[in-house]
Every structure is written in C-alpha cells, then in structure tokens.
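See structure below.
The values are calculated or read from the model by the stated rules, or taken from the named source; none is laboratory data. Keep in mind it's a predicted model, so treat the numbers as computed, not measured. Neighbour counts run over all protein chains shown; Cβ positions are idealised from the backbone, glycine included.
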Amino acid sequence: MAEAEMVLQEILASVERVVVGKRAEVELAIIALMCEGHVLIEDVPGVGKTVLAKSLSRSIGCNFKRIQFTPDLLPSDVTGVSIFNQKTGEFQFRPGPVMAQIVLADEINRATPKTQASLLEAMEERQITVDGVTHAIPRPFMVMATQNPIEYEGTFPLPEAQLDRFLLRIRLGYPAKKDEVEILNRQQRSHPVDAIEQVASYEELLAIQSQVKEITVVPQLRSYIVDLVSSTRSHADIYLGASPRGSLGLFRTAQARALLAGRDHVTPDDIKLLAEPVLAHRLIVTPAARIKNVDAGSVIREILDKLPVPGSRVSVAINR
C-alpha cells in the first residue's frame, strides 16, 4: 500500500511540473488511469489538455499517439488497415494510432458519428476488429478525448452511448494569475514537457490497477453509491439518469482515490468528490430544466445535499 502511494505521488509530482495549479484535475486523470478508464476533457483551447496527456504518458513510460479528429477522418485512419503484400501473398495488418497505450483523441466531436463509433470497441473491449480479425490493444490503455464546449459549428455531438464509455469528465479551466505567471517562467527557454523523465514503469501501474480492486468499500457506502445513482433516474429535471455503469464507475474511482490518498478504505468524501466528474456527463437534462439554466452538475450537487451520508456507522464498520 505504501509503495503504491509513493509511486502515485511521484507520477502526480511529475505531471504537476508541466500542468501548473491543477492538482485536483491531474489527480482525476491519474485516478482514471488507475481504474483502466477513459477521460473526456471538455474545455476551451489552450488550457493544457494535450500537455496533460503527454506529460502523463511520459511519466509512466507509455507510448503515446495523438489523433486529430476532422470531418473527413475515416474509421480505418483510427483502427488501422489490412494491406495485401504481393511478396507473401497475404494481407498484413498495419495498426492505426489507437493501438497505443495512451491515445489523445483531439477534438473528438469534429469527426463523423461513424468515425467516433470506431473507438467504441477499443474503449470497452480493449481490442479492435479489422476485416474480421481481432487485435488486442496493449495494456495499460487509456483514451483521453478532448472537445471544445463553445464551438458547435462543424461538430457532431457525442451520442449518449459513447459518453457513457468515458469514466470521467474533466474541465481544466483557466489558471489563476500566479499560476499563469509560473507557466510563463517555466516556458521561457523550453517547454517543461520535454524535460519530463519516466518516474514509474507501466508494470508498476498494472500492479496498482490490481491493488485498486482490493480497497475496502463497506456495505453502507455501496448502498450510498446506488442510492445516489438511482436518485438521478427519478429526479424531475433529468430525462435520462445514470446507468449501472455509472454506479460501477463511482465505486471504482472511489477505491482509486482512497489508494491515491494512502488509505485502504473508501470514505463518504471520496464518493461525494467524485460524483460530479463520474456522473454529470451521463445525464440528460430535460428541455424545461435547460430553460431554467439547470445543468447536470447542479442536479448532482442537489442530490448530494439531500441524500443522508452514512457517516458514523461506516467508521464503526471499518474499525471492526
């Protein structure tokens, strides 16, 4: 447990040398990696989305590929193609950029739905199928997709089925003044991402991914997670609530956050802090609620305020 915490803190410190003043967001990205999940980074251009993916991959020694999504991008440009080799008389598979350990799907909502769908099998099954042949994707594997929430012209909104494949949605936001000054200082002569060295191996990361599943979640907190997710399905402002995949995502990320903090058990605070990043992008708000400027995040915060937290009973169970 202590060794895993030390490795995770080294990864966190390494990424923070480049991504300044965004500790909570960097932690979320590391939590997704610990859970073998995928991340949707939704923010305006220039706030460090690509740099976050690059610095994370370099810190753990994983190979990194970037896909620039455009309207004319084809599914084969993502997954790869089979090419006939005249010398051998056989088809040879040439892997696409998705056959990497960390994949940055830049501006994913600019590609057509058919191309977006080419990522679904890779994200869910950790494999791709080309010409009837299945190819396994190397582990660890994480897709970090970005989209601009402001620009809508020439974009194709992600369908609910694809949004549900993302474990977390992160918003970086603009840096504070002192952090932006620090960014200028660090990039005076070169970009700090070029100086990042590997601080952990992906073998260590795979071991950590297994340890996450051993973190204790007492029955009261399991029930709390299900009550929280179920409340999104019956809320008056929500047209479509979170699925059981949302419950599983909240359960697993809470375990990862506990391990990142050096604990062997989940607390109610882990669940409350992760509820919005895990669930908000899975909800569809009713048109009437949108008119009142109600969004999924505010609904989740309202549910958290009203839902009783199993506090003292959890502590007693853990001490036993």
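Some notes on this structure:
- Some residue of the range 251-268 being part of a loop (DSSP other than H, G, I, E, B), over 21 Å from R282 (Cα atoms), in contact (Cβ under 8 Å) with a residue 24 or more places away in the chain and of a type in the set (D, E, K, R): yes
- The set of residues in the range 279-296 being crowded, with 21+ Cβ neighbours inside 10 Å and charged (D, E, K, R) consists of R282 alone.
Every residue, every condition in (1) of a type outside the set (G, A, S); (2) buried (at least 18 other Cβ atoms within 10 Å of the Cβ); (3) over 18 Å from E276 (Cβ atoms), yes or no:
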position: R222; (1), (2), (3): yes, no, yes
position: L228; (1), (2), (3): yes, yes, no
position: I238; (1), (2), (3): yes, yes, no
position: A242; (1), (2), (3): no, yes, no
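- Test: L283 is in contact (Cβ under 8 Å) with a residue 24 or more places away in the chain, under 21 Å from K213 (Cα atoms) and among the hydrophobic types (A, V, I, L, M, F, W, C): no
- Spans of strands (runs of 3 or more DSSP E) in the range 32-104 with at least 1 residues assigned by TED's automatic domain parsing to the domain that holds A145 and within 26 Å of V212 (Cα to Cα): 39-42, 64-68
- Among the conditions (1) of a type in the set (S, T, Y); (2) farther than 26 Å from E203 by Cα; (3) at pLDDT 90 or above; (4) in contact with an Asp or Glu (Cβ under 9 Å, 6 or more places away or on another chain), the only one that S82 does not satisfy is (3).
- The range 35-86: number of residues that are surrounded by 23 or more Cβ atoms within 10 Å (Cβ to Cβ) and of a type in the set (F, W, Y): 1
- Restricting the range 114-140 to residues that are in contact with a helix residue (DSSP H, G or I) (Cβ under 8 Å, 6 or more places away or on another chain) and assigned to a loop (DSSP other than H, G, I, E, B), the residue that is nearest to C35 (Cα to Cα) is P140.
- Only a single criterion out of (1) over 17 Å from the mean Cα position of the chain (by Cα); (2) closer than 19 Å to F166 by Cβ; (3) buried (at least 20 other Cβ atoms within 10 Å of the Cβ) is not satisfied by V266, namely (2).
- Residue match in the range 16-34 (condition: more than 19 Å from the chain's Cα centre (by Cα), surrounded by fewer than 16 Cβ atoms within 10 Å (Cβ to Cβ) and free of Cβ contacts under 8 Å to residues at least 12 places away in the same chain): no
- Selection of the range 235-250 for residues being more than 12 Å from L283 (Cβ to Cβ) and either over 23 Å from the mean Cα position of the chain (by Cα) or among the charged types (D, E, K, R) (or both) yields A236, R245.
Conditions (1) surrounded by 12 or more Cβ atoms within 10 Å (Cβ to Cβ); (2) without any contact (Cβ under 8 Å) to a residue 24 or more places away in the chain; (3) assigned to a loop (DSSP other than H, G, I, E, B), marked per residue:
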| position | (1), (2), (3) |
| --- | --- |
| E182 | yes, no, no |
| Q188 | no, yes, yes |
| V193 | yes, no, no |
| V199 | yes, no, yes |
| E204 | yes, no, no |
| S210 | no, yes, no |
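- Test: residue in the range 152-164 that is of a type in the set (G, A, S) and at pLDDT 90 or above: no
- Of note, Q101 does not satisfy the criterion of being at pLDDT below 90, surrounded by 14 or more Cβ atoms within 10 Å (Cβ to Cβ) and of a type in the set (S, T, N, Q).
- Members of the range 106-144 that are within 22 Å of L56 (Cβ to Cβ), loosely packed, with under 15 Cβ neighbours inside 10 Å and charged (D, E, K, R): E124, R126, R139
- For T88, the test of being hydroxyl-bearing (S, T, Y) and touching a strand residue (DSSP E or B) at 6+ places or on another chain (Cβ under 9 Å) is failed.
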